[in-house]
Structure formats: C-alpha cells, structure tokens
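A.B. asks: Dropping a structure here in structure tokens format, bear with me for questions.
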Amino acid sequence: MRLLVVEDEAKTANFLRRGLEENGFVVDVAGRGDDGLHLARTVGYDVVILDVMLPGLDGWAVLAAVRRDGRQTPVLFLTARDGVDDRVKGLDLGADDYLVKPFAFSELLARVRSLLRRGPARQPETVRVADLELDVVRHRATRAGVRLDLTPKEFALLSLLARRAGEVLSRTLISEQVWDINFDSDTNVVDVHVRRLRAKADDPFEAKLIHTVRGVGYVLEPRP
Ligand code: CA
C-alpha cells in the first residue's frame, strides 16, 4: 500500500516515513503543498497524510483540490492547533480524519489502518490465492496456515503479486509499485527481493506460486 505524506517539517516527515515503512507501507514525501497535490493527482495513493501549514499551497487548498477532482483517497490531516474551527474546516472540506500534533506514532498508525479498512471502494482486506492468504491491513501473510516471516519490502512485493495474481508484472512496474519515487530504479534489486521472498514463501511448500517469465518479469499464480 502506498501512502503520501505532505509535511514541510523534515524531522516529522522523516519520522513518519521511517515508521510507516517499517510497517510495510511504501511512502512518498512532499515538503510543499503544490508538490503534494501534483503527486496526489499523478500517483494512486491509498491514504494521504496532510499537514495544514505548508509552503506553496496550504493543506486546506490541497484537500479542496483533491476533492474537486473527484478523488476519494482517504485524507488524514495533521494540525498543530487543536482549535475546533480547524477540525470542522478540515472535515467540511472532505478530510476523513485528523490528528493534533504532537501525536504518538502508534495512534497515527491506528488511524491509517482504520482509514484503509473503511475507505470507499477500498481493496479487500484479505487476498487469497490458493493456500496463500494476506491480511493487507495488518501485513500478515500465511501459506496453508503457516505464518510467513517477511520484511516490509517482501510483504509489499508479495501483496502486489498476489493482488494482481495471474498477471505478468515487469520488473519496472514492480520497482515503481514497491519502492518509493526516490528509489533509483535498479531492477536487480527486484530480482534479489524476489529470490528472498521465494525462499520464505515458496521453497518450504510443495506448490510454487511465484514464477519467472523470461525477459518480462514475474507472475504469481497456482500452476498444476
Ligand atoms: Ca507545517
């Protein structure tokens, strides 16, 4: 799942990025409101975390523009002030939830998960392919009921392959979806991660799910 953090305070932005990545999310960060709006319009995000006081365009303007476009992306806004007026304004403009700074990371994570669960037309919470089962909100994967011990990146990779089961995904597409926009797209990294993922998710099991399509990329599907 891919999240956008729009926050000009580098310390907070880095803290959010690190924490969310540790929890298996792919995170893009924008330090300006106009850059954030551009990303929100060009990349499909599962949740946008939006600061209010921003250079370029403030959070209200970003939120209003996203909703004017008809995008239903869940938006959690961060406000330094805990004035009731601010909260009402944010919710009126179409925000889904808010957090008052300073906040505990665990609370932010809980809010993000709750938005992922209840958002409109969200992806299903559980993805199943053969005996593979993924809880995409809690980032848990099992095969035949056996819990797979995956790193956040391995989970993101497996969940991309599983959500698009049967579809051959190119290394470029995989690197775009699983790594953030600043990742220097080196497709060898994809191969290395697929190898590690297979060691955990395929090698111990008789039926292999992840297949290499020579010259193209990878596909996850049950094969007889
Ligand atoms: Ca700010």
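A.B. asks: Looking only at region 20-29, count every residue that is away from the ligand (no atom under 15 Å from the Cβ), within 16 Å of LEU76 (Cα to Cα) and open to solvent by 10 Å² or more (accessible area, probe 1.4 Å) and tell me the total. First the steps, then the outcome.
C.D. replies: Our first condition is that a residue be away from the ligand (no atom under 15 Å from the Cβ); within region 20-29, this holds for 20-28.
Filter once more, so that each one left must be within 16 Å of LEU76 (Cα to Cα): 20, 25, 27-28.
Applying the additional criterion that residues be open to solvent by 10 Å² or more (accessible area, probe 1.4 Å) yields none.
Within region 20-29, residues that are away from the ligand (no atom under 15 Å from the Cβ), within 16 Å of LEU76 (Cα to Cα) and open to solvent by 10 Å² or more (accessible area, probe 1.4 Å) number 0.
A.B. asks: Being charged (D, E, K, R) and either open to solvent by less than 20 Å² (accessible area, probe 1.4 Å) or within 13 Å of the ligand (Cβ to nearest atom) (or both): is that true of ARG32 here? Steps first, answer last, please.
C.D. replies: On the way: charged (D, E, K, R): yes; either open to solvent by less than 20 Å² (accessible area, probe 1.4 Å) or within 13 Å of the ligand (Cβ to nearest atom) (or both): yes.
Spelling it out, ARG32 is indeed charged (D, E, K, R) and either open to solvent by less than 20 Å² (accessible area, probe 1.4 Å) or within 13 Å of the ligand (Cβ to nearest atom) (or both).
A.B. asks: Exactly one condition in (1) assigned to a helix (DSSP H, G or I); (2) out of contact with any strand residue (DSSP E or B) (no Cβ under 9 Å at 6 or more places or on another chain) is not met by GLY36; state its number.
C.D. replies: Of the numbered conditions (1) assigned to a helix (DSSP H, G or I); (2) out of contact with any strand residue (DSSP E or B) (no Cβ under 9 Å at 6 or more places or on another chain), the odd one out for GLY36 is (2).
A.B. asks: Out of curiosity, is ARG163 open to solvent by 40 Å² or more (accessible area, probe 1.4 Å), closer than 26 Å to VAL43 by Cβ, in the same structural domain as ALA199 (by TED's automatic domain parsing) and within 21 Å of the chain's Cα centre (by Cα)?
C.D. replies: Judged against the criteria, ARG163 is a match.
A.B. asks: Among the listed residues VAL127, VAL136, VAL213, which satisfies the condition of being β-branched (Val, Ile, Thr) and over 18 Å from the mean Cα position of the chain (by Cα)? Walk me through it before giving the result.
C.D. replies: Working: VAL127 fails: over 18 Å from the mean Cα position of the chain (by Cα); VAL136 fails: over 18 Å from the mean Cα position of the chain (by Cα).
So the residue among VAL127, VAL136, VAL213 that is β-branched (Val, Ile, Thr) and over 18 Å from the mean Cα position of the chain (by Cα) is VAL213.
A.B. asks: Which residue out of ASP96, ASP51, ASP92 is of a type in the set (Asp, Glu), surrounded by 20 or more Cβ atoms within 10 Å (Cβ to Cβ), outside the structural domain of ARG140 (by TED's automatic domain parsing) and more than 25 Å from TRP179 (Cα to Cα)? Outline the logic, then answer.
C.D. replies: Working: ASP51 fails: more than 25 Å from TRP179 (Cα to Cα); ASP92 fails: surrounded by 20 or more Cβ atoms within 10 Å (Cβ to Cβ).
On inspection, the qualifying residue turns out to be ASP96.
A.B. asks: Kindly list, by first and then second residue, each pair from a residue in region 137-151 that is of a type in the set (Gly, Ala, Ser) to a residue that is assigned to a loop (DSSP other than H, G, I, E, B) and crowded, with 17+ Cβ neighbours inside 10 Å, limited to pairs with Cβ atoms under 7 Å and residues at least 6 apart or on different chains.
C.D. replies: ALA141/LEU148; ALA141/LEU150
A.B. asks: Anything in region 170-203 that is open to solvent by 70 Å² or more (accessible area, probe 1.4 Å), farther than 20 Å from ASP28 by Cα and modelled with pLDDT under 95? List them, or say none.
C.D. replies: Across region 170-203, the qualifying residue is only ASN188.
A.B. asks: Evaluate region 2-10: report whether one residue or more is within 12 Å of the ligand (Cβ to nearest atom), surrounded by fewer than 19 Cβ atoms within 10 Å (Cβ to Cβ) and free of Cβ contacts under 8 Å to residues at least 24 places away in the same chain.
C.D. replies: Within region 2-10, one or more residues are within 12 Å of the ligand (Cβ to nearest atom), surrounded by fewer than 19 Cβ atoms within 10 Å (Cβ to Cβ) and free of Cβ contacts under 8 Å to residues at least 24 places away in the same chain.
A.B. asks: Of all residues in region 140-155, which are in contact with a helix residue (DSSP H, G or I) (Cβ under 7 Å, 6 or more places away or on another chain) and closer than 21 Å to VAL192 by Cα? Steps first, answer last, please.
C.D. replies: Looking only at region 140-155, we keep the residues that are in contact with a helix residue (DSSP H, G or I) (Cβ under 7 Å, 6 or more places away or on another chain), and these are 141, 143, 148-150, 152-154.
Selection gives ALA141, LEU148, ASP149, LEU150, PRO152, LYS153, GLU154.
Here's the yes/no breakdown for (1) touching a Ser or Thr at 6+ places or on another chain (Cβ under 8 Å); (2) modelled with pLDDT under 95:
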{"site": "LEU50", "(1), (2)": "no, no"}
{"site": "MET53", "(1), (2)": "no, yes"}
{"site": "LYS89", "(1), (2)": "no, yes"}
{"site": "ALA95", "(1), (2)": "no, yes"}
{"site": "GLU107", "(1), (2)": "no, yes"}
{"site": "SER114", "(1), (2)": "no, yes"}
{"site": "THR126", "(1), (2)": "no, yes"}
{"site": "ASP135", "(1), (2)": "yes, yes"}
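A.B. asks: Among the residues in region 67-80, are any open to solvent by 10 Å² or more (accessible area, probe 1.4 Å), out of contact with any Ser or Thr (no Cβ under 9 Å at 6 or more places or on another chain), within 16 Å of the ligand (Cβ to nearest atom) and in the same structural domain as LEU108 (by TED's automatic domain parsing)?
C.D. replies: The answer is yes; a qualifying residue exists.
A.B. asks: So, in region 40-66, how many residues would count as being away from the ligand (no atom under 16 Å from the Cβ) and either over 20 Å from the mean Cα position of the chain (by Cα) or in a loop (DSSP other than H, G, I, E, B) (or both)?
C.D. replies: From region 40-66, those away from the ligand (no atom under 16 Å from the Cβ) are 40-47, 64-66; that's our starting set.
Retained after the next criterion (residues that are either over 20 Å from the mean Cα position of the chain (by Cα) or in a loop (DSSP other than H, G, I, E, B) (or both)): 43-46, 64-65.
Residues in region 40-66 being away from the ligand (no atom under 16 Å from the Cβ) and either over 20 Å from the mean Cα position of the chain (by Cα) or in a loop (DSSP other than H, G, I, E, B) (or both): 6 in total.
The values are calculated or read from the model by the stated rules, or taken from the named source; none is laboratory data. Here the structure is a predicted model, which means the values were calculated and not measured. A quick note on method: Cβ atoms are made from the backbone with ideal geometry, for glycine too, and the neighbour counts reach across all protein chains shown. To get the accessible areas, we keep the full protein, side chains included, count just its heavy atoms, and leave off ligands, DNA and RNA. Shrake-Rupley method; radii C 1.70, N 1.55, O 1.52, S 1.80 Å.
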